[in-house]
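The values are calculated or read from the model by the stated rules, or taken from the named source; none is laboratory data. Everything quoted here is computed from the prediction, not taken from an experiment. Neighbour counts run over all protein chains shown; Cβ positions are idealised from the backbone, glycine included. The accessibility values were calculated without ligands, DNA or RNA, using every heavy atom of the protein model including side chains. Shrake-Rupley method; radii C 1.70, N 1.55, O 1.52, S 1.80 Å.
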Amino acid sequence: ATIYAQSFWADMLHDEQRFVEAAERLDQLVASLREQSNQRQNMAELGGLLPGLLARAHYFRSCDAAASGDTAQQREQLNEALKQHGRDVESLIALDRLLDADDEARPQLAERIEEAAVYYDRRIALNESNGAPEATDLNQAAWLLSNTTQPREQLEKALDYSRQSLELAPHTAGYLDTLARCHYALGEYPQAVAFQRQAVALDPHVRQMQVQLELFEQALADSQAP
């Protein structure tokens, strides 16, 4: 419960664009987990959580660098995040948006994104064979694919994954947010706006969802302009 609360607190700070505070919150959590996992054998599994938390802290610092226009520092922090956890979805997305098409790091990033996508594909298939896939895996895969450079068939797979996640967990704001992004990536702006409005209605306090809604509404307006 403490880990969840601290992580959620950090995410809230991030949503409010208090990026350094968000990173420091995770730094404190990591320090606490390291101390506990060293002191108590029955908490050794907590060590497995550290790479993801460390990556998230670096991602938050990359957001702070991006806000100040320091792209070199942004890139450094994203690379550090991926050193800690190579499948950190938000860091992969941010780096995909940051790098120019002809950047020498593009091929390696494409491999990392593909590896992460394959990882989720395998988890989804495995869980499906054992009963049903996890909604979180479906959503993560859909979010990754719909926010990175992908051919249309991958974007269509993202849309299918997103729909499946909502079948498992209907009326989940975060999953509707992903579904809207999938439609946006496919150029289906009316659907993107409709689903994003549902997401915002369910979670009106999340600033990032509102920002995404503004993006989709502008894209729809531009597509309808004479």
Could you list, ordered by first residue, the pairs with Cβ atoms under 6 Å in which the first is in the range 83-101 and over 9 Å from Thr148 (Cα atoms) and the second is among the acidic types (Asp, Glu), at least 6 apart or interchain?
none
Tally, over the range 162-200, of residues that are in a loop (DSSP other than H, G, I, E, B) and either among the β-branched types (Val, Ile, Thr) or open to solvent by less than 30 Å² (accessible area, probe 1.4 Å) (or both)
3
Among residues belonging to the range 144-161 that are part of a helix (DSSP H, G or I) and of a type in the set (Ser, Thr, Tyr), point out the one that is farthest from the chain's Cα centre (by Cα).
Tyr161
Checking Val20 against (1) within 21 Å of Asn139 (Cα to Cα); (2) in a helix (DSSP H, G or I), which single condition isn't satisfied?
(1)
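Identify, from the list Thr148, Thr136, the residue that is buried (at least 20 other Cβ atoms within 10 Å of the Cβ), under 24 Å from Leu95 (Cα atoms), out of contact with any strand residue (DSSP E or B) (no Cβ under 7 Å at 6 or more places or on another chain) and β-branched (Val, Ile, Thr). Outline the logic, then answer.
Details: Thr136 fails: buried (at least 20 other Cβ atoms within 10 Å of the Cβ).
Going through Thr148, Thr136 in turn, the sole match is Thr148.
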If we scan the range 50-58, do we find a residue that is modelled with pLDDT under 95, open to solvent by 40 Å² or more (accessible area, probe 1.4 Å) and not hydroxyl-bearing (Ser, Thr, Tyr)?
yes
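Yes or no: Glu76 open to solvent by 40 Å² or more (accessible area, probe 1.4 Å), part of a helix (DSSP H, G or I), at pLDDT 95 or above and out of contact with any strand residue (DSSP E or B) (no Cβ under 7 Å at 6 or more places or on another chain)? Steps first, answer last, please.
Details: open to solvent by 40 Å² or more (accessible area, probe 1.4 Å): yes; part of a helix (DSSP H, G or I): yes; at pLDDT 95 or above: yes; out of contact with any strand residue (DSSP E or B) (no Cβ under 7 Å at 6 or more places or on another chain): yes.
Considered against the rule, which asks whether it is open to solvent by 40 Å² or more (accessible area, probe 1.4 Å), part of a helix (DSSP H, G or I), at pLDDT 95 or above and out of contact with any strand residue (DSSP E or B) (no Cβ under 7 Å at 6 or more places or on another chain), Glu76 comes out as yes.
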If you scan the range 101-122, which residues turn out to be farther than 17 Å from Gln154 by Cα and part of a helix (DSSP H, G or I)?
Arg106, Pro107, Gln108
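From Ala105, Ala116, Ala110, Ala132, grab the single residue that is in contact with a Lys or Arg (Cβ under 6 Å, 6 or more places away or on another chain) and free of Cβ contacts under 8 Å to residues at least 60 places away in the same chain. Outline the logic, then answer.
Values: Ala105 fails: in contact with a Lys or Arg (Cβ under 6 Å, 6 or more places away or on another chain); Ala110 fails: in contact with a Lys or Arg (Cβ under 6 Å, 6 or more places away or on another chain); Ala132 fails: in contact with a Lys or Arg (Cβ under 6 Å, 6 or more places away or on another chain).
Answer to the selection: Ala116.
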Residues of the range 201-226 satisfying the condition of being over 16 Å from Met12 (Cα atoms), surrounded by fewer than 16 Cβ atoms within 10 Å (Cβ to Cβ) and not hydrophobic (A, V, I, L, M, F, W, C):
Glu214, Glu217, Gln218, Asp222, Ser223, Gln224, Pro226
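Looking for whichever is free of Cβ contacts under 8 Å to residues at least 12 places away in the same chain and either β-branched (Val, Ile, Thr) or at positive phi (or both) here; the options are Val211, Val200, Val193, Val206. Which one fits? Can you show your working first?
Numbers: Val200 fails: free of Cβ contacts under 8 Å to residues at least 12 places away in the same chain; Val193 fails: free of Cβ contacts under 8 Å to residues at least 12 places away in the same chain; Val206 fails: free of Cβ contacts under 8 Å to residues at least 12 places away in the same chain.
The unique qualifying residue is Val211.
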Every residue in the range 99-120 that is of a type in the set (D, E, K, R) and surrounded by 15 or more Cβ atoms within 10 Å (Cβ to Cβ), please.
Arg106, Arg112
Would you call Ala23 hydrophobic (A, V, I, L, M, F, W, C), at pLDDT 95 or above and touching a Lys or Arg at 6+ places or on another chain (Cβ under 6 Å)?
yes
